[in-house]
């Protein structure tokens, strides 16, 4: 009885998947384009296409897309005192898909997004780092959708190449902290 139930569920899933493939056919190019971002697979790309419509012209800037999705920090400030920096409410389906993609990126040590996640998580915590990676992904998606370019990963050593003197000084300070001269 349980095996029959599993078979019926499998058939239903295959039928729905086939219907999704038919509906997403006009957006296949955009879907393949955003799948080049590390952490974004076909299912995540399908959610992004479904929620954004794959038309980036409706968002004037990448910041507008990120704000609509709810990945930008809030700015509630009064009389010089910062009251709240919570993210604004956004599209929950897009946030869920991007959150899973950001966690997948954070586990990959050889990508720029993984290095960025580790840098932010060490200072601000894993949840804020996850939202920052979601924001970075949306910015990249907007530019890719507008220009039609592939994602070019700067690499995990981007920050070391950006400021080599800082990296050298940090390594020297770590050695000194461990007792080496």
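The values are calculated or read from the model by the stated rules, or taken from the named source; none is laboratory data. Everything numeric in this text was worked out from a predicted model, so none of it was measured. Quick reminder, even Gly has a Cβ in these numbers, built from the backbone with ideal geometry, and neighbours come from all protein chains shown.
Under the condition of being in contact with a helix residue (DSSP H, G or I) (Cβ under 8 Å, 6 or more places away or on another chain) and not in a helix (DSSP H, G or I), the residues counted in the range 1-35 number 2.
Evaluated against (1) surrounded by 10 or more Cβ atoms within 10 Å (Cβ to Cβ); (2) farther than 18 Å from residue 131 by Cα, residue 4 falls short on exactly one condition, (1). In the range 1-28, what count of residues is obtained for those that are in contact (Cβ under 8 Å) with a residue 24 or more places away in the chain and within 13 Å of residue 54 (Cα to Cα)? The total comes to 2.
Restricting attention to the range 133-160, the residues that are assigned to a helix (DSSP H, G or I), in contact (Cβ under 8 Å) with a residue 12 or more places away in the chain, within 26 Å of residue 54 (Cα to Cα) and out of contact with any strand residue (DSSP E or B) (no Cβ under 9 Å at 6 or more places or on another chain) add up to 13.
For residue 114, the requirement of being over 17 Å from residue 155 (Cβ atoms) and not in a loop (DSSP other than H, G, I, E, B) is not met.
Of all residues in the range 71-85, those satisfying the criterion of being under 16 Å from residue 132 (Cβ atoms) and over 18 Å from the mean Cα position of the chain (by Cα) are 74, 75, 85.
Please specify each residue of the range 74-96 satisfying the condition of being modelled with pLDDT of 80 or more and either in contact with a helix residue (DSSP H, G or I) (Cβ under 9 Å, 6 or more places away or on another chain) or in a loop (DSSP other than H, G, I, E, B) (or both). Once the filter is applied, which keeps residues that are modelled with pLDDT of 80 or more and either in contact with a helix residue (DSSP H, G or I) (Cβ under 9 Å, 6 or more places away or on another chain) or in a loop (DSSP other than H, G, I, E, B) (or both), the range 74-96 yields 89, 90, 91, 93, 94, 95, 96.
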